[in-house]
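Worksheet for the structure shown next.
The values are calculated or read from the model by the stated rules, or taken from the named source; none is laboratory data. This structure is a prediction, so every number in the text was calculated from the model and none was measured. Backbone-built Cβ (ideal geometry, glycine too); neighbour counts: all protein chains shown.
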Amino acid sequence: MAETRYEGRTAAELSALLGLPRVELYESVPSTMDVAHALGAAGAMAGTLVLAEQQTAGRGRAGRQWASAVGSGIWLTLLERPNDPSAIDLLTIRLGLRAARALDRFAPRPVQLKWPNDLYVQGGKLAGILVETRWRDRRIDWVAIGVGLNVRPPEAMPHAAALRGDAARLEVLAELLPALRAAAAARGPLSDAELAAYAERDLARGRRGRAPAAGTVVGIDSRGSLIVRTAAGEVAHRSGSLVLEEGV
């Protein structure tokens with residue numbers, strides 16, 4: 001059986017190219033997240049990457065499915081082993097912020113962020129980020145960082161966004177993976193610089209939302225909470241999904 005390749009590269013070649021300890025390649029897999037969790041339980045090193053050409057049961061928040069067609073995007077899960085439990089609740093925010101910065105080079109317009117885990121371009125969803133944590137004796141054992149990114153416009157999602165037509169997946173990975181790893185290594189609450197950078201990319205700031213509360217989105221705080229101005233005052237939300245009145 002021929003060795004699985006990704007853009008013509010073997011897993012070993014990708015590992016060397018991307019500076020990662022291990023890369024696992026699949027033509028098709030139900031979910032790269034499930035593979036990463038199995039590798040984590042078997043002791044895989046931080047920086048282990050699972051890449052698939054296609055996912056048949058890719059998932060997002062709340063069990064939602066993500067269209068993962070062959071050749072149309074980047075479907076990956078990165079295994080990391082951070083050691084600051086206080087930063088875990090902020091990881092999705094930091095991942096989005098750093099990923100957006102990395103993807104600006106390949107996108108038709110600056111990438112925007114929609115709390116808590118979506119990246120948008122020109123009003124269409126470009127990517128989603130999912131973080132799943134596994135604990136052992138109240139300590140983080142590993143986190144699986146899943147990213148679904150539209151490189152080409154997906155047929156099943158007519159209103160989704162994609163990168164520019166000249167974006168090459170290996171070049172995107174070379175920019176994106178160091179950004180994800182840096183986010184996973186960050187510690188403590190969001191800094192003033194991170195909050196300011198998020199505000200510049202905040203898709204929802206100043207817009208009306210229906211969930212997790214009816215009101216006007218103010219932004220986020222240093223704990224990553226969504227701040228919504230409601231009839232009863234400003235309320236911080238640490239969980240849930242943001243739904244804007246426009247349906248975005």
Suppose we keep only residues that are within 13 Å of the chain's Cα centre (by Cα) and of a type in the set (A, V, I, L, M, F, W, C) within the range 141-155. Which one would you say is surrounded by the fewest Cβ atoms within 10 Å (Cβ to Cβ)? V143
Within the range 165-180, can one find any residue that is of a type outside the set (F, W, Y), surrounded by 14 or more Cβ atoms within 10 Å (Cβ to Cβ) and over 26 Å from G47 (Cβ atoms)? no
The lone condition I227 fails out of (1) touching a residue at least 12 places away in the same chain (Cβ under 8 Å); (2) closer than 25 Å to P110 by Cα; (3) of a type in the set (A, V, I, L, M, F, W, C) is (1)
Please list, ordered by residue number, the strands (runs of 3 or more DSSP E) wholly in the range 73-137 having 2 or more residues that are touching a Leu at 6+ places or on another chain (Cβ under 7 Å) and not hydroxyl-bearing (S, T, Y). 73-80, 112-114, 124-136
For the range 152-160, state whether one or more residues are modelled with pLDDT under 95 and under 30 Å from R223 (Cα atoms). yes
Report yes if D141 is at pLDDT 95 or above and in contact with a strand residue (DSSP E or B) (Cβ under 9 Å, 6 or more places away or on another chain), otherwise no. yes
Filtering the range 192-248 for residues that are surrounded by fewer than 17 Cβ atoms within 10 Å (Cβ to Cβ), under 22 Å from the mean Cα position of the chain (by Cα), basic (K, R) and outside any loop (DSSP other than H, G, I, E, B) leaves a count of 0
Pull up the range 39-57, narrow it to residues that are modelled with pLDDT of 90 or more and out of contact with any strand residue (DSSP E or B) (no Cβ under 6 Å at 6 or more places or on another chain), then point me to the one that is farthest from E13 (Cα to Cα). A41
Identify the residue in the range 42-58 that is outside any strand (DSSP E or B) and within 20 Å of A185 (Cα to Cα) and, among all such residues, is nearest to the chain's Cα centre (by Cα). G47
Residue hits (the range 58-108; in contact with an Asp or Glu (Cβ under 6 Å, 6 or more places away or on another chain) and modelled with pLDDT under 95) are V70
Run down S15, S31 and say which single residue is of a type in the set (S, T, N, Q) and at pLDDT 95 or above. S15
Within the range 156-169, does at least one residue satisfy the condition of being acidic (D, E) and in the same structural domain as L49 (by TED's automatic domain parsing)? yes
Could you please give the count of residues in the range 145-191 that are in a loop (DSSP other than H, G, I, E, B), touching a helix residue (DSSP H, G or I) at 6+ places or on another chain (Cβ under 8 Å) and not aliphatic (A, V, I, L, M)? 4
Only one residue in L90, L103, L97 is of a type outside the set (K, R) and within 11 Å of the chain's Cα centre (by Cα), so which one is that? L97
